[in-house]
Structures are given as C-alpha cells and as structure tokens.
Amino acid sequence: MLFRAAREYDIDLEKSWMIGDSEKDVEAGKQAGCKTVRLIPSGESAKTAADFVAPSLLSAVHTILEARRVPERPCGADQ
C-alpha cells in the first residue's frame, strides 16, 4: 500500500514518516524506507523497533518536527 501510494502521488519514502499504533505499522514503514513513530499511550510500555515513540499523534508531530530541525550554523561557519 505504501509503495503504491508513493508511485501514484510521487512520494519520496526515504523522506517520509510512518506513524502507527502497532508493530506491523512500524515494520511496514521500515520496509518502505520511512522513519517511524510508534504511538504508545503514556504509562504503557511496549517493545518496538520504531525510530521514535510518542504518546499521541500530536506528540508524534512534534517529535518529527524536532527530528527534522536543522541546527543553525553561526555566521561564517561555512567559510
């Protein structure tokens, strides 16, 4: 399903994220080459292969935004 969507909508899976609430979602994302976030409610624990864990969808979005943040370079650092 992810590969078909990638073809139909010209999605770069290596730059994409899969957010899911099961290990099958994480596995699908990994197989497609995506970064993954597993939703696990606060207070619960689960073994996961996900790149990140979040307690809610909103928290997952914040996690992704933080992970994508490019560190600022001081002026003249690239000279």
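The values are calculated or read from the model by the stated rules, or taken from the named source; none is laboratory data. Quick caveat: nothing in here was measured; it's all calculated off a predicted structure. A quick note on method: Cβ atoms are made from the backbone with ideal geometry, for glycine too, and the neighbour counts reach across all protein chains shown.
Inside segment 24-52, residues that are of a type in the set (Asp, Glu) and either modelled with pLDDT under 95 or surrounded by fewer than 15 Cβ atoms within 10 Å (Cβ to Cβ) (or both) make up a count of 1. If you go through segment 6-21 and pick out every residue that is farther than 19 Å from residue 66 by Cα and exposed (fewer than 13 other Cβ atoms within 10 Å of the Cβ), you end up with 5. For first residues located in segment 31-45 and farther than 27 Å from residue 14 by Cα, partners that are surrounded by 10 or more Cβ atoms within 10 Å (Cβ to Cβ) and lie 6+ apart or on another chain with Cβ distances below 7 Å form the pairs 42/55. If you filter segment 55-73 down to residues that are at pLDDT 85 or above and farther than 20 Å from residue 14 by Cα, you find that the one that is surrounded by the fewest Cβ atoms within 10 Å (Cβ to Cβ) is 58.
Selection over segment 11-40 of residues that are among the aliphatic types (A, V, I, L, M) and out of contact with any strand residue (DSSP E or B) (no Cβ under 8 Å at 6 or more places or on another chain) gives a count of 2.
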